[in-house]
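To start, the structure under review is shown below, and the notes come after it.
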Amino acid sequence: MVYDQECPACDTYCKFIRIRETVGDLKIIDARKKSEVLDEITKLGLDVDQGMVLKMEKQIYYGSDAMHALALISSRSGLLNRINYWMFKSKSVSSWLYPVLRLFRNLLLKMLGKTKINNLRKPNNEKF
């Protein structure tokens with residue numbers, strides 16, 4: 001999973017999400033650090049400032065699809081994992097709810113004075 005480690009909301013989510021043992025380990029990658037996976041995401045034209053990315057096997061899930069996939073493979077142990085499953089188990093609810101959460105994430109990062117990751121290297125796209 002590739003996400004913004006400097007985002008307090010994203011970082012908290014990634015620390016608490018538990019994946020079922022039958023699925024395997026979840027490798028968490030900070031989108032602000034160079035990696036092969038980030039290069040692959042960038043080549044696909046996915047803007048990590050607009051959505052987290054989950055790669056399972058060779059399949060890439062982005063934004064609401066990533067949250068939906070994580071909900072389906074997550075453990076149901078613990079309150080946050082049960083809430084995550086309940087909120088994102090439906091693909092249609094995920095696609096409605098994710099943009100709302102992203103809006104609040106972007107507002108939070110703006111208030112904290114964080115810069116965008118800008119993996120697509122868009123001009124004049126450094127600030128929220």
Helix 91-111 versus the longest principal axis of the chain: what is the Cα-based angle in degrees, 0 to 90, to the nearest 10?
-> 40 degrees
Show the residues, 5+ positions off or on another chain, whose built amide H is closer than 5 Å to the amide H of M56.
-> Y61
Partnerless cysteines (no other Cys beta carbon under 4.7 Å) identified across the chain are C14
Computed helical MRE - 222 nm, the chain, DSSP H runs ≥ 4 contributing -39500 (n - 2.57), nearest 500 = -14000 deg cm²/dmol
Sorted by average packing, counted as other Cβ atoms within 10 angstrom per residue and highest first, what order do 91-103, 52-64 take?
-> 52-64, 91-103
Cα gyration tensor shape of the range 1-71, rounded if a/c is under 1.5, else prolate or oblate by comparing a/b with b/c = oblate
In whole Hz, what ³J(HN,Hα) sequence does the range 29-44 give by Karplus (6.51, -1.76, 1.60; θ = phi - 60°), x for Gly and Pro?
-> 10, 6, 5, 7, 10, 5, 7, 4, 5, 5, 4, 5, 4, 5, 4, 7
Given H placed on each backbone N at 1.01 Å, which residues far from R18 in sequence or on other chains put an amide H within less than 5 Å of it?
-> S75
Based on the alpha carbon coordinates of the range 58-128, what radius of gyration and maximum Cα-Cα distance (Dmax) apply, in Å?
-> 14.6, 43
DSSP beta bridge pairing in the chain, given as percent antiparallel to the nearest 5 = 80 percent
Once amide hydrogens are built 1.01 Å from N within the peptide plane, the residues lying 5 or more places from I29 or on another chain with amide H under 5 Å from its amide H are V2, Y3
Residue-wise, which Karplus ³J(HN,Hα) couplings in Hz belong to the range 56-67, taking 6.51 cos²θ - 1.76 cosθ + 1.60, θ = phi - 60°, and x for glycine or proline?
-> 10, 6, 10, 8, 10, 10, 10, x, 5, 5, 5, 5
Here Rg/Rh (Cα, Kirkwood) for the range 2-42 equals 1.01
Ignoring ligands, DNA and RNA, what accessible area per residue does the chain give at 1.4 Å, in Å²?
-> 62 Å²
Taking the radius of gyration and the Kirkwood hydrodynamic radius from Cα positions alone, what is the Rg/Rh ratio for the chain, to two decimal places?
-> 0.95
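The values are calculated or read from the model by the stated rules, or taken from the named source; none is laboratory data. In this text, all values refer to a predicted model and were calculated from it rather than measured experimentally. Neighbour counts are summed over all protein chains in view; Cβ atoms, including those assigned to glycine, are modelled from backbone coordinates with ideal geometry. The protein model used for the area step is the full one, side chains on, heavy atoms only, and it has no ligands, DNA or RNA in it. Shrake-Rupley method; radii C 1.70, N 1.55, O 1.52, S 1.80 Å.
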